[in-house]
Structure formats: structure tokens, C-alpha cells
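K.L.:
After the C-alpha cells below, expect a handful of questions from me.
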Amino acid sequence: QVQLVESGGGLVQAGDSLRLSCATSGRTFVGAGMGWFRQAPGKERQFIATISWVGGTTSYADSVKGRFTIARDTAKNTVYLQMNSLKPEDTAVYYCAASYRPLFSNTRDAAFWGQGTQVTVSS
């Protein structure tokens, strides 16, 4: 069984940067891709970025394109989300997800989820 553990969230000022990590464990399942999603109070969980384990192909939501970067370290079985130029609108719980798809943007394509890490951006 795959376990995903997010870390790196916190309280920052607008314009600051933050790097989130998603550490994976378990060797009974290896997904083809990973993704980051976020959910603000009263809103649906939304796609942020995705990356394939093989090849490292990436895709981003328009709202974060140019500011956020997703990356993976295959040796460490870890995925990162580098967030720059943070805005108050980025405030949400950020979730890491694993999928059988190499790239995915739909929450229903996620096979496993982490428990989330809170990111709060003050103005």
C-alpha cells in the first residue's frame, strides 16, 4: 500500500516562496504519475500540477503557471512543489496524489491521497 505524506506548509507573506514535499512509501504499488491539488474552505478540490514518474513530463493549472514548479526525485521517491510569488488566493490545504495515469488533472483519477498540508498566505 502506498502512503503519501506532505510537508512544508506554513504561514507566509504575499510574494514569498514555499516548497512542499510529498514523500512516498510502500513498495506494493508504483503509480505512473503524481499530482498536487488544493482545496480552500467551501470550494472543490482543484488541480494544481502533475508530473509523470517516467520522463518527468509536467502540466499546470493556468492559475499557477509561471509561479509554481512541480518536480520529482526518483531516487528519493519524493515529489516537490516549488511555489513562488505566493498570493492570498493560494491559501488552501495542499494535497499530494498518486495515479495510474502518468499525467492527470481530475481528482477521480487519483488512486491515493496524502493527508494534506496547510498553506496560508497573508496580504
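The values are calculated or read from the model by the stated rules, or taken from the named source; none is laboratory data. Model, not experiment: these values are computed from the prediction. Cβ: placed from backbone, ideal geometry, glycine included. Neighbour counts: every protein chain shown. What goes into the accessible areas is simple: the full protein's heavy atoms, side chains included, and nothing from ligands, DNA or RNA. Shrake-Rupley method; radii C 1.70, N 1.55, O 1.52, S 1.80 Å.
K.L.:
Using a 10 Å Cβ count of at most 13 others and DSSP loop calls, identify the longest part of the chain lacking such trypsin sites (Lys or Arg not before Pro).
P.N.:
Maximal segment without exposed cleavage sites: 77-123.
K.L.:
Hey, another quick one. When Rg is the radius of gyration of the Cα atoms in the stretch 61-101 and Rh is its Kirkwood radius, what does Rg/Rh come to?
P.N.:
1.00
K.L.:
So how compact is the chain: Cα radius of gyration and Dmax in angstrom?
P.N.:
So, for the chain, Rg and Dmax equal 13.4, 44 Å respectively.
K.L.:
Which percent of the accessible area of the chain is formed by carbon and sulfur heavy atoms (probe 1.4 angstrom)?
P.N.:
Ligands and nucleic acids excluded, carbon and sulfur reach 45 percent.
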